[in-house]
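Peer 1: Shown below is the structure under consideration.
Taken together, the values in this text are just the output of simple stated rules run on the coordinates, not laboratory data. This is a predicted model, so every value here is computed, not measured. Ideal geometry is used to build each Cβ from the backbone, glycine not excepted, and the neighbour counts take in all protein chains shown.
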Amino acid sequence: MSITAKNTVNAPSATATASPVNRLVHQVARPRGAARAEDFAFVSEPLPRVVAGTALVENLYLSVDPYMREMMDDGWALHAPLEGRSVGRVVESGTPELAVGDLVFHRHAWRTHALVRPEEARLLPRYEGVPLTAHLGILGGTGLSAWVGLTRVARLQPGEDLFVSAAAGGVGTAAGRLARHLGARRIVGSTGSPEKARRLTEELGFDAAFDYHQGQVADLLAKAAPDGVDVAFENVGGDHLEGAIAALRPHGRIAWCGAVAQYDRADQPPAAPRNLYDVVGKGLRLEGFLVREHLDARSELEDFAVPLLRSGALVSTETVVDGFDRIVEGFLGMMHGANTGKTIVRVVPEAA
Ligand SMILES: NC(=O)c1ccc[n+]([C@@H]2O[C@H](COP(=O)([O-])OP(=O)(O)OC[C@H]3O[C@@H](n4cnc5c(N)ncnc54)[C@H](OP(=O)(O)O)[C@@H]3O)[C@@H](O)[C@H]2O)c1
């Protein structure tokens, strides 16, 4: 069994090879509602000069994430470089802490090359047999969110039943996979199309799945999990959170990871679950979390996941979009559900 289950979106772009210029994406407009391609612009500038205490990184893989849609409202400056996670290779160094050839993780992405200081870059461990992309997928912030939500927030126990929303996405597929290895009994997922629901049960290890467009989420979840669930891993908010509250057994737990349904709607009141007070009646625990407050859990995740990845018992499900030119398309596609698993943009076609 392969270690990553990848969808590759189209062929490598001929223009995406390493170039003498730095190519970047700027945000040039604030979206109203869903983000659009016109909100971004590609710019080129000379490669940054390496000075003492810095190193130049050629970015190999870039991460696009739902939180970036929130950053577009007021977090990112217009006409300025954007941030985002990347895995890259040091190609020139002015610091003894980073050597040419080192593989690093850093946050200066949406660009082909980045100038980093050692404290901004994390040297990546080389795990034989584990692909580099896993450091943005199941071993990256995506997998870590799933791990923290399951183990630290929900404290999932062996034999418990789980509901995961946005189950076919990066965090969702990682939550399903990790939960299985943590001993979950029945795992149910929601997603945005019948095809993705089919993939959840036939390829991604879920026991039942539904397309949330087919009715009320609470009804669809009640049908998919007629005996209820012990834990909900919530990525969507609104009607999904309402459905989770309805499906949870007394004293169940909700690990609230995200609310992707509301990121395009900053100007509207968030859709609150109408049954919120059932949290009291059922004695539920509803707890939100930010993965960045749990970075110390990375070593726990790696200890757990790396041997499973090496043996093939665990896979990092990814949609790889080929070519820096297609990063905006990859981001917008992810926001609209075009992905299965973690969305990663491959900058350098031959990157292994
Ligand atoms: N708390 C933290 O620290 C933390 C860290 C990382 C991620 N997160 C959150 O985790 C969630 C998943 O993130 P991810 O990176 O793994 O992204 P992802 O799930 O790979 O991609 C986003 C997915 O959201 C779904 N979606 C979009 N609009 C929706 C809507 N209106 N209703 C229901 N589903 C919708 C789409 O799938 P469908 O085809 O299923 O619609 C899409 O594939 C997000 O809420 C994100 O903000 C939180």
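Peer 1: Could you tell me which of SER311, PHE40, VAL345 has its Cα farthest along the dipole of the chain towards the positive end, charges placed at Cβ (Lys, Arg +1; Asp, Glu -1), taken about the Cα centre?
Peer 2: SER311
Peer 1: Further, regarding this structure: Counting alpha carbon pairs within less than 8 Å and at least 6 residues apart, what relative contact order, in whole percent, applies to the chain?
Peer 2: Values: 801 pairs, mean separation 78.8, N = 352.
Over the chain, the number comes to 22 percent.
Peer 1: Under unit Cβ charges (Lys, Arg +1; Asp, Glu -1), what dipole magnitude, rounded to 20 debye, does the chain have relative to its Cα centre? Can you show the working numbers first?
Peer 2: Details: 36 positive and 42 negative charges, 57 e Å.
For this selection, approximately 280 debye.
Peer 1: Separate question: Using Cα pairs closer than 8 Å and at least 6 residues apart in sequence, work out the relative contact order for segment 52-197, in percent. Before the final figure, lay out each step's value.
Peer 2: Working: 245 pairs, mean separation 27.9, N = 146.
Normalised by residue count, the contact order of segment 52-197 is 19 percent.
Peer 1: Can I ask one more? Using a simple spin-label model with points 7 Å from Cα along the Cα→Cβ vector, what separation in nm is obtained for ARG292 and LEU47?
Peer 2: Here the modelled spin labels are 3.0 nm apart.
Peer 1: Next question. Just to check I understand the Karplus step: with θ = phi - 60° and J = 6.51 cos²θ - 1.76 cosθ + 1.60, what whole-Hz values come out for segment 225-236, glycine and proline as x?
Peer 2: 10, x, 9, x, 9, 8, 9, 10, 10, 9, 10, 10
Peer 1: Near the amide H of ASN22, under 5 Å away, which other amide H atoms are found, from residues 5 or more places off or on another chain, if H is placed in the peptide plane?
Peer 2: Amide H to amide H, under 5 Å and 5 or more residues apart or across chains, ASN22 pairs with GLU45, LEU47.
Peer 1: Further question: Can you report the principal axis dimensions of the chain using only the alpha carbons, biggest first, rounded to whole angstrom?
Peer 2: Projected onto its principal axes, the Cα set of the chain covers 61, 45, 35 Å.
Peer 1: Let me ask you something else. Find out how many positive minus negative residues lie around LEU136, taking Lys and Arg as positive, Asp and Glu as negative, among other residues whose Cβ is under 11 Å from that of LEU136. Mind showing how you got there, number by number?
Peer 2: Numbers: positive: ARG85, LYS342, ARG346; negative: ASP65, GLU318.
With Lys, Arg at +1 and Asp, Glu at -1, the neighbours total +1.
Peer 1: Would you mind calculating the gained length between ASP267 and VAL100 on full extension (0.36 nm times residue separation, minus the Cα-Cα distance), in nm to one decimal? If you can, show how the numbers build up before the last one.
Peer 2: Values: separation 167, 0.36 × 167 = 60.12 nm, distance 4.64 nm.
Stretched fully, the ASP267-VAL100 segment lengthens by 55.5 nm.
Peer 1: Here is a further query. Compute the Rg/Rh shape ratio of segment 141-293: radius of gyration over Kirkwood radius, all on alpha-carbon atoms. Can you show the working numbers first?
Peer 2: Details: Rg = 13.8 Å, Rh = 14.9 Å.
Here Rg/Rh amounts to 0.93.
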